[in-house]
Amino acid sequence: MDTVGMSLRERKKLRTRQALVDTALRRFTEQGFDATTLDDLCAEVEVSKRTFFRYFTSKEDVAMAPIHDMWEAFLVVLEADERTDGTLLELLADAMLAAVVAMPDDGWTERLELTRHLAAVTPSMNAHGLQFCHRTTRTAIDLLRERYGFAENDLRVRLAVDLGVAAQHCALEQWVFRPGPAGRDDLLARLREAYAAIPGVVTLGLERKG
(Lines give C-alpha, C1' and ligand atoms only; values in the text may rest on other atoms or scores of the structure.)
Protein backbone atom coordinates (compact mmCIF):
# COMPACT_ATOMS: atom_id res chain seq x y z
CA MET A 1 0.00 0.00 0.00
CA ASP A 2 1.26 3.47 -0.88
CA THR A 3 1.90 5.33 2.38
CA VAL A 4 2.85 8.63 0.72
CA GLY A 5 0.74 11.39 2.21
CA MET A 6 -0.21 9.35 5.27
CA SER A 7 0.24 10.90 8.69
CA LEU A 8 2.53 9.26 11.24
CA ARG A 9 -0.55 8.05 13.13
CA GLU A 10 -1.99 6.47 9.98
CA ARG A 11 1.29 4.73 9.14
CA LYS A 12 1.54 3.40 12.69
CA LYS A 13 -2.01 2.01 12.50
CA LEU A 14 -1.21 0.38 9.17
CA ARG A 15 1.93 -1.24 10.62
CA THR A 16 -0.01 -2.55 13.62
CA ARG A 17 -2.71 -4.03 11.39
CA GLN A 18 -0.10 -5.66 9.16
CA ALA A 19 1.76 -7.07 12.15
CA LEU A 20 -1.46 -8.66 13.39
CA VAL A 21 -2.14 -10.22 9.99
CA ASP A 22 1.40 -11.52 9.51
CA THR A 23 1.65 -12.90 13.03
CA ALA A 24 -1.78 -14.52 12.85
CA LEU A 25 -1.10 -16.24 9.54
CA ARG A 26 2.28 -17.53 10.74
CA ARG A 27 0.92 -18.81 14.06
CA PHE A 28 -2.18 -20.35 12.49
CA THR A 29 -0.02 -22.12 9.92
CA GLU A 30 2.58 -23.37 12.41
CA GLN A 31 0.38 -24.12 15.44
CA GLY A 32 -3.07 -24.55 13.95
CA PHE A 33 -6.00 -22.16 13.89
CA ASP A 34 -7.84 -23.60 16.89
CA ALA A 35 -4.65 -23.98 18.96
CA THR A 36 -3.77 -20.29 18.62
CA THR A 37 -5.63 -17.96 20.95
CA LEU A 38 -6.20 -14.24 20.67
CA ASP A 39 -4.12 -13.86 23.83
CA ASP A 40 -1.20 -15.56 22.07
CA LEU A 41 -1.55 -13.31 19.05
CA CYS A 42 -1.91 -10.08 20.97
CA ALA A 43 0.98 -10.93 23.28
CA GLU A 44 3.38 -11.47 20.37
CA VAL A 45 2.38 -8.24 18.63
CA GLU A 46 2.33 -6.46 22.02
CA VAL A 47 -1.15 -5.03 21.72
CA SER A 48 -4.24 -5.40 23.87
CA LYS A 49 -7.37 -7.27 22.83
CA ARG A 50 -9.10 -3.91 22.74
CA THR A 51 -6.60 -2.78 20.11
CA PHE A 52 -7.08 -6.01 18.17
CA PHE A 53 -10.83 -5.43 17.98
CA ARG A 54 -10.27 -1.98 16.52
CA TYR A 55 -8.98 -3.72 13.41
CA PHE A 56 -10.70 -7.11 13.30
CA THR A 57 -13.82 -8.79 14.63
CA SER A 58 -12.39 -12.29 15.20
CA LYS A 59 -9.57 -14.73 14.46
CA GLU A 60 -11.36 -15.59 11.24
CA ASP A 61 -11.46 -11.95 10.24
CA VAL A 62 -7.71 -11.39 10.68
CA ALA A 63 -6.90 -14.66 8.92
CA MET A 64 -9.02 -13.71 5.91
CA ALA A 65 -7.64 -10.16 5.69
CA PRO A 66 -5.66 -10.64 2.43
CA ILE A 67 -8.80 -11.79 0.60
CA HIS A 68 -11.01 -9.19 2.28
CA ASP A 69 -8.59 -6.44 1.24
CA MET A 70 -8.80 -7.60 -2.36
CA TRP A 71 -12.60 -7.60 -2.40
CA GLU A 72 -12.75 -4.19 -0.73
CA ALA A 73 -10.39 -2.85 -3.40
CA PHE A 74 -12.67 -4.44 -6.01
CA LEU A 75 -15.63 -2.43 -4.69
CA VAL A 76 -13.58 0.78 -4.69
CA VAL A 77 -12.54 0.24 -8.32
CA LEU A 78 -16.07 -0.76 -9.34
CA GLU A 79 -17.54 2.38 -7.80
CA ALA A 80 -14.96 4.60 -9.51
CA ASP A 81 -15.45 3.06 -12.98
CA GLU A 82 -18.39 4.87 -14.60
CA ARG A 83 -18.05 3.52 -18.13
CA THR A 84 -21.17 3.48 -20.28
CA ASP A 85 -20.16 1.00 -22.96
CA GLY A 86 -18.98 -2.60 -23.11
CA THR A 87 -20.52 -5.42 -21.09
CA LEU A 88 -21.19 -5.93 -17.41
CA LEU A 89 -18.88 -8.94 -17.32
CA GLU A 90 -16.06 -6.86 -18.81
CA LEU A 91 -16.60 -4.25 -16.13
CA LEU A 92 -16.50 -6.84 -13.36
CA ALA A 93 -13.40 -8.54 -14.78
CA ASP A 94 -11.55 -5.25 -15.17
CA ALA A 95 -12.44 -4.25 -11.60
CA MET A 96 -11.10 -7.51 -10.16
CA LEU A 97 -7.89 -7.34 -12.18
CA ALA A 98 -7.36 -3.74 -11.09
CA ALA A 99 -7.98 -4.74 -7.45
CA VAL A 100 -5.27 -7.40 -7.61
CA VAL A 101 -2.85 -4.93 -9.22
CA ALA A 102 -3.62 -2.44 -6.43
CA MET A 103 -2.65 -4.85 -3.65
CA PRO A 104 0.64 -3.99 -1.88
CA ASP A 105 3.98 -5.42 -2.98
CA ASP A 106 5.11 -6.24 0.58
CA GLY A 107 4.23 -9.94 0.53
CA TRP A 108 0.51 -9.78 -0.22
CA THR A 109 0.59 -12.77 -2.57
CA GLU A 110 2.38 -14.85 0.08
CA ARG A 111 -0.23 -13.88 2.67
CA LEU A 112 -3.02 -14.64 0.22
CA GLU A 113 -1.62 -18.12 -0.35
CA LEU A 114 -1.38 -18.80 3.38
CA THR A 115 -4.96 -17.62 3.86
CA ARG A 116 -6.33 -19.90 1.15
CA HIS A 117 -4.46 -22.94 2.49
CA LEU A 118 -5.75 -22.23 5.99
CA ALA A 119 -9.32 -21.70 4.80
CA ALA A 120 -9.22 -25.05 2.99
CA VAL A 121 -8.76 -26.87 6.31
CA THR A 122 -10.57 -24.49 8.69
CA PRO A 123 -14.39 -24.62 8.39
CA SER A 124 -14.96 -21.45 10.44
CA MET A 125 -12.64 -19.46 8.15
CA ASN A 126 -14.39 -20.80 5.07
CA ALA A 127 -17.80 -19.89 6.51
CA HIS A 128 -16.57 -16.41 7.43
CA GLY A 129 -15.26 -15.94 3.89
CA LEU A 130 -18.58 -16.98 2.38
CA GLN A 131 -20.45 -14.46 4.54
CA PHE A 132 -18.05 -11.70 3.56
CA CYS A 133 -18.36 -12.65 -0.11
CA HIS A 134 -22.16 -12.53 0.16
CA ARG A 135 -22.04 -9.00 1.62
CA THR A 136 -19.61 -7.88 -1.08
CA THR A 137 -21.81 -9.38 -3.79
CA ARG A 138 -24.85 -7.60 -2.39
CA THR A 139 -23.00 -4.28 -2.31
CA ALA A 140 -21.79 -4.71 -5.90
CA ILE A 141 -25.29 -5.56 -7.14
CA ASP A 142 -26.84 -2.56 -5.38
CA LEU A 143 -24.15 -0.28 -6.81
CA LEU A 144 -24.70 -1.54 -10.36
CA ARG A 145 -28.48 -1.32 -10.15
CA GLU A 146 -28.35 2.23 -8.85
CA ARG A 147 -25.84 3.42 -11.44
CA TYR A 148 -27.21 1.73 -14.54
CA GLY A 149 -30.90 1.55 -13.69
CA PHE A 150 -31.22 -2.24 -13.70
CA ALA A 151 -34.57 -3.38 -12.36
CA GLU A 152 -34.74 -5.07 -8.97
CA ASN A 153 -36.02 -8.27 -10.60
CA ASP A 154 -33.42 -8.30 -13.41
CA LEU A 155 -31.71 -11.60 -12.68
CA ARG A 156 -28.93 -10.90 -15.17
CA VAL A 157 -27.20 -8.54 -12.77
CA ARG A 158 -27.08 -11.09 -9.96
CA LEU A 159 -26.02 -13.84 -12.35
CA ALA A 160 -23.26 -11.68 -13.86
CA VAL A 161 -21.85 -10.85 -10.43
CA ASP A 162 -22.12 -14.49 -9.32
CA LEU A 163 -20.30 -15.63 -12.46
CA GLY A 164 -17.58 -13.10 -11.77
CA VAL A 165 -17.23 -14.35 -8.20
CA ALA A 166 -17.10 -17.95 -9.43
CA ALA A 167 -14.38 -17.05 -11.95
CA GLN A 168 -12.36 -15.42 -9.17
CA HIS A 169 -12.72 -18.50 -6.95
CA CYS A 170 -11.70 -20.85 -9.76
CA ALA A 171 -8.66 -18.76 -10.67
CA LEU A 172 -7.57 -18.40 -7.05
CA GLU A 173 -7.93 -22.13 -6.41
CA GLN A 174 -5.85 -22.99 -9.47
CA TRP A 175 -3.24 -20.44 -8.46
CA VAL A 176 -2.98 -21.55 -4.83
CA PHE A 177 -2.76 -25.27 -5.55
CA ARG A 178 -0.46 -24.93 -8.56
CA PRO A 179 2.74 -26.97 -8.89
CA GLY A 180 5.76 -24.80 -8.18
CA PRO A 181 6.16 -21.11 -7.34
CA ALA A 182 4.08 -18.34 -8.89
CA GLY A 183 3.37 -14.70 -8.23
CA ARG A 184 0.96 -11.90 -8.96
CA ASP A 185 1.42 -12.08 -12.74
CA ASP A 186 0.37 -15.74 -12.74
CA LEU A 187 -2.68 -14.92 -10.63
CA LEU A 188 -3.66 -12.18 -13.08
CA ALA A 189 -3.22 -14.57 -16.00
CA ARG A 190 -5.45 -17.17 -14.35
CA LEU A 191 -8.07 -14.52 -13.61
CA ARG A 192 -8.10 -13.40 -17.26
CA GLU A 193 -8.43 -17.01 -18.39
CA ALA A 194 -11.32 -17.66 -16.00
CA TYR A 195 -13.24 -14.54 -16.98
CA ALA A 196 -12.65 -15.25 -20.68
CA ALA A 197 -14.22 -18.71 -20.22
CA ILE A 198 -17.52 -17.35 -18.87
CA PRO A 199 -19.26 -16.62 -22.22
CA GLY A 200 -18.68 -20.19 -23.35
CA VAL A 201 -20.48 -21.57 -20.30
CA VAL A 202 -23.97 -20.83 -21.64
CA THR A 203 -23.26 -22.55 -24.98
CA LEU A 204 -21.36 -25.54 -23.60
CA GLY A 205 -22.90 -28.60 -25.20
CA LEU A 206 -23.13 -32.16 -24.00
CA GLU A 207 -21.69 -35.19 -25.73
CA ARG A 208 -22.34 -38.68 -24.40
CA LYS A 209 -19.24 -40.86 -24.30
CA GLY A 210 -19.27 -44.24 -26.05
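Out of curiosity, is M1 assigned to a loop (DSSP other than H, G, I, E, B), closer than 30 Å to I141 by Cβ, out of contact with any His (no Cβ under 7 Å at 6 or more places or on another chain) and modelled with pLDDT under 95? When the stated conditions are applied, M1 passes them. Restricting attention to region 13-40, the residues that are among the aliphatic types (A, V, I, L, M) and within 20 Å of N126 (Cβ to Cβ) total 5. Among residues of region 89-109 that are under 13 Å from W71 (Cβ atoms), those with a Cβ under 7 angstrom from a residue that is of a type in the set (V, I, T) and in a helix (DSSP H, G or I), sequence gap 6+ or separate chain, pair up as L92/V161; A95/V77; A98/V77; A99/V77.
Yes/no matrix, rows are residues, columns are (1) of a type in the set (S, T, N, Q); (2) assigned to a helix (DSSP H, G or I); (3) surrounded by fewer than 18 Cβ atoms within 10 Å (Cβ to Cβ):
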site: T109; (1), (2), (3): yes, yes, no
site: L118; (1), (2), (3): no, yes, no
site: M125; (1), (2), (3): no, yes, no
site: L130; (1), (2), (3): no, yes, yes
site: R135; (1), (2), (3): no, yes, yes
site: R145; (1), (2), (3): no, yes, yes
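For region 199-210, the criterion of being within 24 Å of L112 (Cα to Cα) and either in the same structural domain as E82 (by TED's automatic domain parsing) or part of a loop (DSSP other than H, G, I, E, B) (or both) is met by none of the residues. Hey, does region 49-71 have a residue that's surrounded by fewer than 12 Cβ atoms within 10 Å (Cβ to Cβ) and in a loop (DSSP other than H, G, I, E, B)? Within region 49-71 (the criterion being surrounded by fewer than 12 Cβ atoms within 10 Å (Cβ to Cβ) and in a loop (DSSP other than H, G, I, E, B)), the answer is yes, since at least one residue qualifies. Within region 65-79, residues that are closer than 15 Å to M125 by Cβ reach partners that are surrounded by 22 or more Cβ atoms within 10 Å (Cβ to Cβ) and charged (D, E, K, R) with beta carbons closer than 7 Å, at six or more positions or on different chains, in the pairs P66/R111.
Hey, any hits in region 28-47 for a residue that's touching a residue at least 60 places away in the same chain (Cβ under 8 Å) and not in a loop (DSSP other than H, G, I, E, B)? For region 28-47, residues touching a residue at least 60 places away in the same chain (Cβ under 8 Å) and not in a loop (DSSP other than H, G, I, E, B): present.
Of note, D162 satisfies the criterion of being under 19 Å from the mean Cα position of the chain (by Cα) and either over 30 Å from R116 (Cβ atoms) or among the acidic types (D, E) (or both). Could you tell me whether any residue of region 11-25 is of a type in the set (V, I, T), farther than 22 Å from T109 by Cα and surrounded by 14 or more Cβ atoms within 10 Å (Cβ to Cβ)? No, region 11-25 has no match at all. Inspect region 169-185 for any residue being within 23 Å of E82 (Cα to Cα) and either crowded, with 17+ Cβ neighbours inside 10 Å or touching a helix residue (DSSP H, G or I) at 6+ places or on another chain (Cβ under 6 Å) (or both) and give the result as yes or no. Within region 169-185 (the criterion being within 23 Å of E82 (Cα to Cα) and either crowded, with 17+ Cβ neighbours inside 10 Å or touching a helix residue (DSSP H, G or I) at 6+ places or on another chain (Cβ under 6 Å) (or both)), the answer is no, since none of the residues qualifies.
Within region 72-96, the set of residues being under 21 Å from I198 (Cβ atoms), of a type outside the set (A, V, I, L, M) and surrounded by fewer than 20 Cβ atoms within 10 Å (Cβ to Cβ) comprises D81, R83, D85, G86, T87, E90, D94.
The values are calculated or read from the model by the stated rules, or taken from the named source; none is laboratory data. Keep in mind it's a predicted model, so treat the numbers as computed, not measured. A quick note on method: Cβ atoms are made from the backbone with ideal geometry, for glycine too, and the neighbour counts reach across all protein chains shown.
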